[in-house]
Structure formats: C-alpha cells, structure tokens
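Worksheet for the structure shown next.
Every number in this text was worked out from the coordinates using simple rules, so none of it is lab data. Not measured: the values here are computed from a predicted model. Please note: Cβ atoms are built from the backbone with ideal geometry, for glycine as well, and neighbour counts cover all protein chains shown.
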Amino acid sequence: MNKEEIIQKVNAALMKEFEIPEEKLVPTATFADLQVDSLDVVDMVITFEQTFKIDIRNNYKPGSFTNLGGLYDFIEKLIKEKNK
Amino acid sequence: MVDYHRVVITGAGAVTPYGAGVDTLVENLLNNVSAIQFIPELKETPFINSHVACKVPEIDFTFIPRQYRRYMTKMSLYAVMACQEALKTANIEKPSDDTALYIGSTMSSISSWLEFTKKYFDKELNMVKTMAVFQVLNHSPLANVAQALDMKGSGYFVSNACASSLTNIGLAYQMIKAGFVKRALCGGTEEYHPIFTGCFSILNAASTNFNDNPQKASRPFDKDRCGIVCSEGCAMLYIESLESALERKANIIAEIKGFATNTETKNIAHPSRDSMQQCIQMALNDAKLKTTDIDLVNAHATSTIAGDIEEVSAISNVFGKDIIVNSLKGHIGHSMAACGSIELISIMKMMLKNKVAGTLNLDNIDEQCNVVNHIRNTQDIKFDNFVKNSFALGGTNASMVIGRYN
C-alpha cells in the first residue's frame, strides 16, 4: 500500500465515521483542529487498526504523531514494519 | 393536609411507525391506517413463526450534532426527537435546570448488545469502540437525552417492560403533585429488533396467522386475534405543575388527574382481571373521580387471546358494559415500552378534536370480550375524561386518568 492509498483510506474513515469535513483534512491539522476528543481518538485507533491490520496501541509512544500528516507517516511506518 | 399540586400536560412529541410528529400519528390513526408490515428477517430466522412488525421509517437524524449522536442508538435518537417536539409544543426554548427527566425502555439496544457480545465471544473485546459502552447502558436514552438537551435536573430511568412509559409519566406526575419537582419530560422509547418478536414467539404470544396479510395481524378483542405484533417508537410529554403552567401562560393541553400502579403476583406472564381492576380503581380514587366521570378507556389490549379477555373483563367490572373502549394496537402494533405514552398522547389529542379512532381489525368481537362498548371505526365523540391502561409482562400494571383542563 503506497502513501497515497493510506491517506485516502484514513481520510475516508475520518469523513465517514467521524464526520470531519474534507476541507479540514490537511496534513498540518491537529486533533484539536479536527475537533475530536479523547474518546474519538480511542475509536480512531481501533478503526485504523482494523483498516490497516496493524497494532497502533502497542507501538504508540507520546509524540509518535502530533498532526494528521504525522498519523499518515506513523501508519505507513507500521505497515512497512509488518511487511518486513 | 398535604397541599398537592395539580399536574398539567403542556407539550407532546412522538416518533412512531407513521414517522415523526404527533400530528402525523393522530391523523393516521383517525384515518385507520395500519403501519404493520412484513419483515423478511423474521421469516429468515428459524423458530420465529411471526413475520410481521411495525418499524419507524428512515429518518435523517443528522440534525442532532455528532458529538451527541455518536453515543445514540435508535431508541435515543427517537427520544431526542420526541423531546424536542414536546419542548417546542410547550413553547420551551431550553429546559430549565430544574426540569426532570423520566424515561424508560424494556431493554437496552439489542442490536448494540449483540455486536458487543459477539466481539466478547470472538475474543475481540479490544475492538469494541468507546461509543458502544454508552449505547448498551440500560439508561442510555436518559443519559443521551440529558446530554443532547443539556438537562441538568433529576433523571430516572424506570424500566417496567410494556408499562415503562406510563409508569415514568406516573412517577413524574407523583413527584410534581407532591412538590418535589416542578416540571418534567416523561415517557418511553423502544427500538425494534426481531428478538422482540422471537420472545413473544417463545411465549406463544406472537401473531402468526396473518403473515401474508400483515395489516390484519394485530386485532385486539377480535375473535380471530392470535397474538402480539411488535413495534417501536417514542413519545414524550412535557408536564408541569398548574402553577408553573399558569405563571408562564402555557397552553394547557390536558390534565393528569390520577395514576396508580400495582403488581400482579399470581402469575408473572398473565395479569389477572382482579389485579387490573384494582389498578384502575386505584387510579380513579387518586383522581377523586367516579366511574361515571370516565367516558372512555384506551385499553392496553395487545391482541393476545388471554390478555384481552382479562383486561376487558376488568374494565367492564369497574365501569359496566356501556363504557367506550378502544385499543390502538390494531393500527401500530405493540410499541413495548413506548406504547403507554404513544397511546396516551393519541387519545389526548383525539379528545381535543372530539374524535376517537376505533379498534382496527375488530371485525367480529370475541364473545368473551363483548362486555363493553367497543368502537370499531373513527367516531365523533365528545369526551372529557379517559383512562389509559398499560399492563406489562412481569406483572406491572399501570392506569392513568387524563382529562380536559378546566
């Protein structure tokens, strides 16, 4: 899966499940910008774990990502490690 | 002498198998429209021999902000919508901080619980999303309505099976009457799942003989009745002390004059006429009204063989054979926890129109039910006081007296 596909799938989930408007989905957007709270973040993690078949919870460390662009990178990194 | 308060109804809202709104509900009832339909999923489920039910049509609930909607299953969505209509008709822009909330359902969302437990049995509990936790709470509709409408007052979630909404209204009435609460939103809500029909199928109490003719399937008091048709929806009342209503110059729709509830202990599944009769009489006593003051009884009458006979016998024992009786379950089936408030609101609105819907599909009155004055078609009848009954599995009986406000 290339980066473009990852971004597309992440954004699709954020729009459908979390009803975030497409125009807000820019790499520099923080979770505060996206107006999601701590419960949403927990559910997003589950959604992305299911979508990409990766383990985010046991790999996340504080600062792993701080904005949407960082989330794309983090997911890409976990997919690459899984496929090693 | 305790200084009791009179309790009046100043707002009403409903989401029913006819769609959203009280006016839609009453119009369809008066026009004898059946909302019962064939449910393919029931036919496809082994051992469920009833294939009919009533479901609320698709409604766009995105008017409820996602921050609240995400925790809601259908029963909460219906409840928020019904509460908003009740507040609007009561001319309340925002509930005051002392507005109480009384609401109940028979069970929490079955579909959400099934998804939740499937993950448990599949050893995937880590894949359950946080929203699901709030969706399966027993009092999820109470919590969700309070959050969505920013209601900070006392909240009670009374779950008394099919008497839930009437007992919630009754409790709210008693609290206002006694002076503990000044105003409240109260009622019941339910979301249909085929397991409801399955439960009544297990009890041999689901309608089975009209699977090919769904609109005939629910037929209270009729000699060919064969069981319950399950339904869903929500209805909520805005009620307040008379002083509160007068102070804010509210439009008073009707008055709650009396209420009673008791418990059947002879049999958990079959309420007896004695117990029902006692409940109705207690409600009349609470209202300080005579049997001759009551013009009509809107029966619980779910279209079961035994239940209809017991209830109509109880009504006849209290009021005599001339009392006008109807049941609305021929039209909209049995909406479980919501039936009491949906039917109460319907008859209350009909009282203001001087019209009453008859019992749909009552083609041939069962001899054993022919002990009161059944109405079978919509009629022009002026009436001032009526009794609403709800008699639930498990033995909870509830009766309420509603009258015009004078």
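For the stretch B:50-90, taking the residues that are within 14 Å of another protein chain (Cβ to nearest Cβ) and within 20 Å of B:Ala337 (Cβ to Cβ), the one that is surrounded by the fewest Cβ atoms within 10 Å (Cβ to Cβ) is identified as B:Phe61. Going by the structure shown, is A:Asp40 within 12 Å of chain B (Cβ to nearest Cβ) and surrounded by 15 or more Cβ atoms within 10 Å (Cβ to Cβ)? It is true that A:Asp40 is within 12 Å of chain B (Cβ to nearest Cβ) and surrounded by 15 or more Cβ atoms within 10 Å (Cβ to Cβ). Is there a residue in the stretch B:8-21 that is surrounded by 19 or more Cβ atoms within 10 Å (Cβ to Cβ), within 14 Å of chain A (Cβ to nearest Cβ) and within 22 Å of the chain's Cα centre (by Cα)? Taking every residue of the stretch B:8-21 in turn, none turns out to be surrounded by 19 or more Cβ atoms within 10 Å (Cβ to Cβ), within 14 Å of chain A (Cβ to nearest Cβ) and within 22 Å of the chain's Cα centre (by Cα). Return the residues of the stretch B:193-221 that are in contact (Cβ under 8 Å) with a residue 40 or more places away in the chain, outside any loop (DSSP other than H, G, I, E, B) and either out of contact with any strand residue (DSSP E or B) (no Cβ under 7 Å at 6 or more places or on another chain) or farther than 21 Å from B:Glu310 by Cβ (or both); say none if nothing qualifies. Once the filter is applied, which keeps residues that are in contact (Cβ under 8 Å) with a residue 40 or more places away in the chain, outside any loop (DSSP other than H, G, I, E, B) and either out of contact with any strand residue (DSSP E or B) (no Cβ under 7 Å at 6 or more places or on another chain) or farther than 21 Å from B:Glu310 by Cβ (or both), the stretch B:193-221 yields B:Pro194, B:Ile195, B:Phe196, B:Thr197, B:Gly198, B:Ser201, B:Pro214, B:Gln215, B:Lys216.
The conditions of being among the hydroxyl-bearing types (Ser, Thr, Tyr), touching a residue at least 40 places away in the same chain (Cβ under 8 Å) and at negative phi are not met by B:Thr62. Do the conditions hold for A:Thr47, that is, is it among the hydroxyl-bearing types (Ser, Thr, Tyr) and under 20 Å from B:Asn126 (Cβ atoms)? In short, yes. Counting only helices (runs of 4 or more DSSP H) wholly contained in the stretch B:102-162, the ones carrying 2 or more residues that are away from every other protein chain (no Cβ under 14 Å) occupy B:110-121, B:140-149. Residue-level check: of (1) out of contact with any Lys or Arg (no Cβ under 8 Å at 6 or more places or on another chain); (2) more than 22 Å from B:Asn397 (Cα to Cα); (3) of a type in the set (Ser, Thr, Tyr), B:Tyr173 misses just (2). Taken as a whole, the condition of being part of a loop (DSSP other than H, G, I, E, B) and more than 25 Å from B:Glu85 (Cα to Cα) does not apply to B:Asn251.
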